[in-house]
Amino acid sequence: MLSQEKLLEDGKLHIFLVGSGGPFNNEKRVASSIAVIANGEFILFDVGPGTYRNVDLMRLPVARLSCIFLTHFHSDHIGDLGEANMMSWTSGRSKSLEVYGPKGVDKVVNGFKMAYEFDTGYRIAHHGEEIVPSEAGVPISKTITIQDHNEKELCFDRNGVKIYAFEVDHSPVNPAVGYRIEYEGLVVAITGDTIKTDNLVKHCTNADILFSEAISFDLLNNMITLAEKLNPRVAKILTDIQNYHMNPVSAAKLAKEAQVKKLVFVHITPPLLNKNVETIYLKGISDVFDGEVILGEDRMKFILEPN
């Protein structure tokens, strides 16, 4: 099956929900990742465990992968970074992959470089420099520094695609960022992992699509009741994670205040295993936000056309 390389040249903004789940493994959703394709640029935002498989299944043009942007360094957002670099390189990428992220991204990238050092050498020895140029196999880290904590920072501007980073509150995970992508008058916002803040509302304002994380406290509390008897450690973790994430209603309030056109839930936690559980997850959303709401699923596709 041919890759979707033609999407790079059609002038539209293509967004692929590569991974719509959180850290809990399940068959329906892998961890966090969103792909954006526009005007010759193919960019991934986060690459959690299992996401590169979906990139491959969707036949995204991996040989043209421009760069990766990380929101923060939890494992469910970075786990497939090594695979994304390795497989895009062996598929034909001819330049080093740039990996953007907040302070500390150099350590993350260097760690993956070290882990894949032997494999990189094997590929070069086996196939030769002409097929897998060694320089292109080594990723490059790009640290994002936000000068003003209340403002967004332009960190990418190429071929009409602009990407801004802004600070989010995922404390004690610090720094952590969200992203605002602008292209030909179109806006896509990605919250990353965070609680709702005025700064978040500000930088998501007027987005055509808002990809917002949300975990259901109601569903988690049901799990906690059981876990307290079986595994107190798990119960403690399930309790703690509620203080640095939004729930679906908070995300809906964000969408309303930011006046976005479409809200897509991502980082969906816990796993939604049937329609009844989905109903609980979405409870109260329509009371807050009257725009379009989509419960994100792996491999969803969105197309935006410039005005």
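Numbers for the structure displayed
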| item | result |
| --- | --- |
| Least to most buried among Lys196, Lys275, Lys301, Lys162 (fewest other Cβ within 10 Å first) | Lys275, Lys301, Lys162, Lys196 |
| Calculated [θ] (222 nm, deg cm²/dmol) that DSSP helices of n ≥ 4 give over the chain, each run adding -39,500 (n - 2.57) | -8500 deg cm²/dmol |
| Per-residue ³J(HN,Hα) for the stretch 183-189, Karplus 6.51 cos²θ - 1.76 cosθ + 1.60, θ = phi - 60°, Hz, x for Gly and Pro | 8, 6, x, 9, 9, 10, 10 |
| Total formal charge among the other residues, if their Cβ is under 15 angstrom from that of Val132, Lys/Arg +1 and Asp/Glu -1 | -2 |
| The stretch 97-199 - charge dipole about Cα centre, Lys and Arg +1 at Cβ, Asp and Glu -1, debye rounded to 20 | 140 |
| Net lengthening on full extension, Asp240/Leu154 (0.36 nm per residue, minus Cα-Cα) | 27.7 nm |
| Contour minus Cα-Cα distance for Lys107 and Lys301 (0.36 nm per residue) | 66.6 nm |
| Dipole magnitude of the chain about its Cα centre (Cβ charges: Lys, Arg +1; Asp, Glu -1), debye to nearest 20 | 420 |
| Pairs beyond 30 Å (Cα-Cα), from Lys142/Lys275; Lys103/Lys229; Lys95/Lys162; Lys103/Lys275; Lys95/Lys202 | Lys142/Lys275; Lys103/Lys229; Lys103/Lys275; Lys95/Lys202 |
| Most positive-pole-ward Cα, Val132, Thr197, Tyr244, against dipole of the chain from beta carbon charges | Tyr244 |
| Förster-model FRET efficiency, 51 Å R0, Tyr122 and Asn231, C-beta, rounded to 0.05 | 0.80 |
| Alpha-carbon centroid distance for the pair the stretch 209-238 / the stretch 78-138, whole angstrom | 35 |
| Förster radius 22 Å - calculated FRET efficiency between Asp169 and Thr205 (Cβ-Cβ, nearest 0.05) | 0.80 |
| Relative contact order (%) - the chain, alpha-carbon pairs under 8 angstrom, separation at least six | 19 |
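No lab work stands behind these numbers, since they all come straight from the coordinates. Given the structure is predicted, the values throughout are model-derived calculations rather than measurements. As a convention, Cβ positions derive from the backbone with ideal geometry for all residues, glycine included, and neighbour counts pool all protein chains shown.
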